[in-house]
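Everything below concerns the one structure shown next.
The values are calculated or read from the model by the stated rules, or taken from the named source; none is laboratory data. Computed from a predicted structure; not experimentally measured. Note that each Cβ is placed from the backbone with ideal geometry, even for glycine, and that neighbours are counted across all protein chains shown. Only protein heavy atoms, including side chains, enter the accessible area calculation; ligands, DNA and RNA are left aside. Shrake-Rupley method; radii C 1.70, N 1.55, O 1.52, S 1.80 Å.
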Amino acid sequence: MAANDPHAEKGAQNQALIRAVNERIEKLADEAAHPEFLCECGNTSCIDTIELSLAEYESIRSSPVRFPVKPGHNFSEFERVVEENDRYWVVEKFGVAGALARKLDERSRA
Ligand SMILES: [Zn+2]
């Protein structure tokens, strides 16, 4: 992959934004068993939702390079699927996309 792959970069920027929205959903969704989160895939026009328990969301969110996505919403050029179930898949970014996700995560937590 090229050092500055615009697709990977755009995907990572988008995911940082969606992640911020999902963190707000997480704070508001205390009592729902399976609140609906936004799909965190790299497709900037995706508006699909996925059902995750707060514990599931938190465990994925604890890694800066892992994102919950709708099944099939993975981009094999810059991420690998590390978990699959009926409701969602978990992708892990690698290479430039992973480094960028890490950087954006640090910024959002600062
Ligand atoms: Zn998606």
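Points to keep in mind about this one:
- Top of Ala55, Ala97, Ala12 by mean-square fluctuation, Gaussian network on the chain, Cα under 10 Å: Ala55
- Heavy-atom accessible area ranking, 1.4 Å probe, most first, across Lys27, Lys93: Lys27, Lys93
- Student exercise, segment 7-110 dipole from Lys, Arg, Asp, Glu Cβ charges, in Debye to nearest 20: 500
- DSSP-assigned coil residues among GluC sites (Glu not before Pro) in segment 70-110, each with at most 16 further Cβ atoms within 10 Å: Glu77
- Spherically averaged projected area in nm², based on the convex hull that wraps the Cα atoms of segment 53-110: 4.0
- Across the chain, Cα pairs under 8 Å and at least six residues apart give a relative contact order of 25 percent.
- Sites Cys46 and Glu106 - FRET efficiency at Förster radius 41 Å, r taken between beta-carbons, to 0.05: 0.95
- Accessible area per residue was computed with a 1.4 Å probe on protein heavy atoms; Val82 scores about 60 Å².
- One quarter of the convex hull surface built on the alpha carbon atoms of the chain amounts to 6.3 nm², the projected area averaged over directions.
- In the elastic network of the chain, a GNM with C-alpha springs shorter than 10 Å, the most mobile of Arg19, Arg87, Arg66 is Arg87.
- Computed across segment 12-51, the Kirkwood radius stands at 10.4 Å (inverse of mean 1/r, all Cα pairs).
- At R0 = 22 Å, FRET efficiency that the Cβ-Cβ distance of Glu9 and Ser63 yields, to 0.05: 0.65
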